[in-house]
1. Quick one: count up the residues across region 46-83 that are among the charged types (D, E, K, R) and within 26 Å of residue 164 (Cβ to Cβ).
2. Among the residues that make up region 37-58, is at least one of them at pLDDT 95 or above, in a loop (DSSP other than H, G, I, E, B) and touching a helix residue (DSSP H, G or I) at 6+ places or on another chain (Cβ under 6 Å)?
3. Look at residue 128 and say whether it is crowded, with 17+ Cβ neighbours inside 10 Å and either at positive phi or at pLDDT 90 or above (or both).
4. Name the residue that is most open to solvent (accessible area, probe 1.4 Å), counting only residues in region 224-235 that are of a type in the set (Lys, Arg) and touching a Gly at 6+ places or on another chain (Cβ under 6 Å).
5. Residue pairs, Cβ under 6 Å, 6 or more apart or interchain, first in region 215-233 and within 17 Å of residue 205 (Cβ to Cβ), second open to solvent by 50 Å² or more (accessible area, probe 1.4 Å) and part of a loop (DSSP other than H, G, I, E, B). List them.
6. If only one of 119, 104 is open to solvent by less than 10 Å² (accessible area, probe 1.4 Å), β-branched (Val, Ile, Thr), at pLDDT 85 or above and part of a helix (DSSP H, G or I), which one is it?
7. Which residue pairs have Cβ atoms under 6 Å apart, sit 6 or more places apart or on different chains, and have a first residue in region 168-193 that is in contact (Cβ under 8 Å) with a residue 24 or more places away in the chain and surrounded by fewer than 21 Cβ atoms within 10 Å (Cβ to Cβ) and a second that is part of a loop (DSSP other than H, G, I, E, B) and polar (S, T, N, Q)?
8. Among the residues of region 203-223, what is the count of those that are part of a loop (DSSP other than H, G, I, E, B), open to solvent by 60 Å² or more (accessible area, probe 1.4 Å) and either modelled with pLDDT under 90 or not small (Gly, Ala, Ser) (or both)?
Amino acid sequence: MFYAPKHSARKPSPVRRRMAGVGLASVATVGASLAAASSSQASTVWDRVASCESGGNWSINTGNGYYGGLQFSYSTWNAFGGQRYAATADRATKAQQITVAKKVLQLQGPGAWPHCSRVAGLTRANGAAVSVGSTAAASRSGARPARSVSRSSSTRVGKLAVDGIRGPKTNAAIERWVGGSVNGTLTRSDVQLLQRKVGSAPDGVIGPKTVRALQTKIGAKKNGARHLDRETIRALQRYLNAR
């Protein structure tokens with residue numbers, strides 16, 4: 001009688017082991033390739049947006065109140081956590097600017113770049129929009145968690161938080177005040193309406209003269225700010241709440 005050893009389980013042949021190894025390696029390679037393709041696609045679409053917004057110059061600062069390749073205003077850069085990288089977008093790296101842009105895209109959609117998003121074909125999907133994170137992280141960055149904000153909820157009528165952050169709800173209140181398109185994104189045409197409202201030259205750029213005229217209109221302290229700083233935005237939020 002023949003007795004098989006206790007541990008005589010059949011071992012795979014070297015060829016079979018090699019084939020299995022090739023299969024696993026192939027799966028890993030395909031996964032890495034897909035991830036790289038997705039990242040590359042996002043980078044490419046942001047390059048197209050930057051080309052339209054700033055000529056592709058990621059360190060541009062022309063003094064018009066918008067900074068970097070994707071032309072962030074100071075308040076938007078601050079609200080979405082950009083100041084963890086640099087005071088203004090033009091001082092941050094391209095990758096850091098895109099990281100902040102993805103958060104803006106998640107919350108506000110492509111309309112945050114009203115003209116150039118159409119030119120570049122930007123969508124939430126191909127821009128690799130990401131959540132702004134937990135409630136705590138969103139609070140630190142000045143933005144609401146993306147999961148709790150929709151276009152309609154971000155622009156609905158209601159009292160503004162007097163926090164000095166010009167987010168979508170404050171933008172919408174400004175747009176209602178000046179008679180603009182109430183979508184939570186302060187576009188160049190909205191800025192021109194604001195400038196006419198406060199008696200400043202309607203060039204679509206929020207600079208020192210516009211800020212000074214706005215401060216006069218709403219009774220805020222004239223502090224020499226060159227952009228819509230937190231103190232002025234807080235005063236504006238109080239003014240709009242009282243209307």
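1. 1
2. yes
3. yes
4. 230
5. 215/222
6. 104
7. 182/155
8. Total meeting the criteria: 3.
The values are calculated or read from the model by the stated rules, or taken from the named source; none is laboratory data. Every value quoted in this text rests on a predicted model; they were computed, and no experiment measured them. Note that we place each Cβ from the backbone using ideal geometry, even for glycine, and neighbour counts take in every protein chain shown. Note: accessible area is taken over every heavy atom of the protein model, side chains too, but ligands, DNA and RNA are not part of it. Shrake-Rupley method; radii C 1.70, N 1.55, O 1.52, S 1.80 Å.
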